[in-house]
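Trainee: Let me begin by handing over the structure; questions about it come next.
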Amino acid sequence: MIKKSVAVLITTAALATACSGPSTPAPEATGQPGPPSAPVTAPPSTAPPSIAPTPTAPTEQTTTAVPTPTRPTTAPPRKIGGKDLSSCPNAGQKTQVQEQMTKDVTGDGVPDTLVARTCEASTSYIPSTVEVFDGAAGTGRPRRIGTLLKDVGPTDLPWYRSMTVDGETITIEAYGVSEGGVQACADLKLTYTYAYAGDSFRRTARNAAKVDDLCLPVG
């Protein structure tokens, strides 16, 4: 009876093994590579997308032109005549123009007129003066703005020789008479310098060199 039961149990176990099929060994046991692992996908980034900077157009610089100052517009200075000059000391005497030049001596950009003049003389000579007329006065009656050599006339008795202008400075060369000399014989070589300042002329220098035993030509 017992033997019969054991046989039945063995038969039942065999049937169960046949129905379940052979067992699959683990890859590590067989030495064969296992099935490929599924790729790991990173979760989507939650950081905000970067924005490329927008190029900025160059700023155009504009330059404002500075207007060029304009000089006063006047007609060319007219020639100065005898009636425009100071009167001679004696009745009936006429003025004599020794030299006339046009230079801007006031610094306003308009040429002025300088006239070296004397008077007719029957004996000896009449001291010279240099009269300056404002060029900005236009073509109307000339406006005298200075008379040079008038300040030294009574003492030096200057006789005009030449004149140069450098900006607002006027240099005059003349002959004259030394103290104690006689007007009939000029014996001084004189150099005067005048400068225009404000609205008038001022003498800034006087140089005198005496010449002995010689009368300088005047008159």
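None of the figures in this text is laboratory data; all of them are computed from the coordinates on show. What you are looking at is a predicted structure, and each value in this text was computed from that prediction instead of being measured. No Cβ is skipped: glycine too gets one built from the backbone with ideal geometry, and neighbour counts run over all protein chains shown.
Trainee: How would you order 157-168, 90-101 from highest to lowest mean count of nearby Cβ atoms within 10 Å?
Mentor: Answer by packing, highest mean first, reads 157-168, 90-101.
Trainee: Collect residues whose amide H, placed 1.01 Å from N in the peptide plane, falls under 5 Å from the amide H of A186; neighbours closer than 5 in sequence don't count.
Mentor: Close amide H contacts, sequence-distant or interchain: L216.
Trainee: Packing-wise, with mean Cβ within 10 Å as the measure, how do 127-133, 142-148 rank, highest first?
Mentor: 127-133, 142-148
Trainee: List the residues, sorted by chain then number, that are 5 or more residues from V105 or on another chain and whose placed amide H is less than 5 Å from its amide H.
Mentor: D112
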